[in-house]
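Read through the structure below, which is laid out as structure tokens, and then see the notes.
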């Protein structure tokens with residue numbers, strides 16, 4: 001009997017859109033797993049992470065904190081001052097993240113699963129990891145509100161973070177499916193359930 005393949009969906013959305021909440025709902029309600037590129041990035045840049053020596057070589061010791069991890073506050077400040085820093089960091093991390101995702105995908109057994117990639121527009125090579133794109137979308141003012149509350153940032157800091165990412169329109173342009181996270185939790189749950197049943201149909205996994 002042939003083993004059913006796992007169908008992969010890229011889960012994307014701007015900062016503060018609610019991607020993590022959506023991924024948790026899919027898992028808790030329908031047992032659909034997610035490989036999170038942000039978690040992989042943190043693993044690569046923590047103490048003894050594979051990317052630390054490369055970051056130190058590219059940016060210097062001041063980007064590494066006393067514990068031996070990437071100093072995210074210093075890196076964020078550097079990126080806002082020097083936009084080439086973001087590109088240089090991504091050139092170091094993204095090939096390693098891509099390889100780690102492929103490795104984890106080989107171990108997943110599910111009718112379909114997600115790979116969470118926030119910067120899908122900015123890094124189109126990650127499109128090769130999935131068959132479809134699910135966008136978690138919301139209005140920019142909601143993103144700013146959520147970012148500010150979550151990170152204890154000022155409105156200006158939240159707006160600066162948004163400017164470093166693709167626009168809402170650019171993300172919508174690459175999406176096959178959209179969940180709008182602008183209402184209540186119950187509304188979000190209903191959308192997740194509806195999307196799950198839709199994926200079961202199109203992937204013949206019901």
- request: Counting other beta carbons within 10 Å of each Cβ, put 179, 202 in order, fewest first.
  value: 202, 179
message: Using Cβ counts within 10 Å as a stand-in for footprinting exposure, how do 153, 8 rank, fewest first?
response: 153, 8
- request: Report the normalised scattering of the stretch 39-155 as log10 I(q)/I(0) at q = 0.13 Å⁻¹, calculated by the Debye formula with identical scatterers on the alpha carbons.
  value: -0.66
message: Apply the a/c threshold of 1.5 to the C-alpha gyration tensor of the chain and tell me whether it is rounded, prolate or oblate.
response: oblate
task: Work out the P(r) tail for the stretch 38-107: percent of alpha carbon pairs separated by more than 16 Å, whole number.
output: 46 percent
query: By how many degrees, between 0 and 90 and to the nearest 10, does the Cα long axis of helix 19-30 differ from the longest principal axis of the chain?
result: 30 degrees
- request: Let me have the 222 nm mean residue ellipticity of the chain computed from DSSP H runs of 4+ only, each contributing -39500 (n - 2.57), with the sum over all residues rounded to the nearest 500.
  value: -16000 deg cm²/dmol
field: Calculated Rg and Dmax of the stretch 91-180 using C-alpha coordinates, Å
entry: 15.0, 43
query: Against the longest alpha carbon principal axis of the chain, how many degrees, from 0 to 90 and to the nearest 10, is the axis of helix 185-202 turned?
result: 60 degrees
- request: With r as the distance between the Cβ atoms of residue 154 and residue 107 and R0 = 30 Å, compute the FRET efficiency 1/(1 + (r/R0)^6) and round to 0.05.
  value: 0.10
0 to 90° range, to nearest 10: angle between helix 72-81 axis and the chain longest Cα axis: 80 degrees
message: Based only on Cα atoms, what mean projected area does the convex hull of the stretch 131-181 have, in nm²?
response: 3.8 nm²
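Since every read-out is calculated from the coordinates, none of them should be taken as a lab result. Bear in mind the structure is a predicted one, so any value in this text is a computation, not a measurement. Neighbour counts are summed over all protein chains in view; Cβ atoms, including those assigned to glycine, are modelled from backbone coordinates with ideal geometry.
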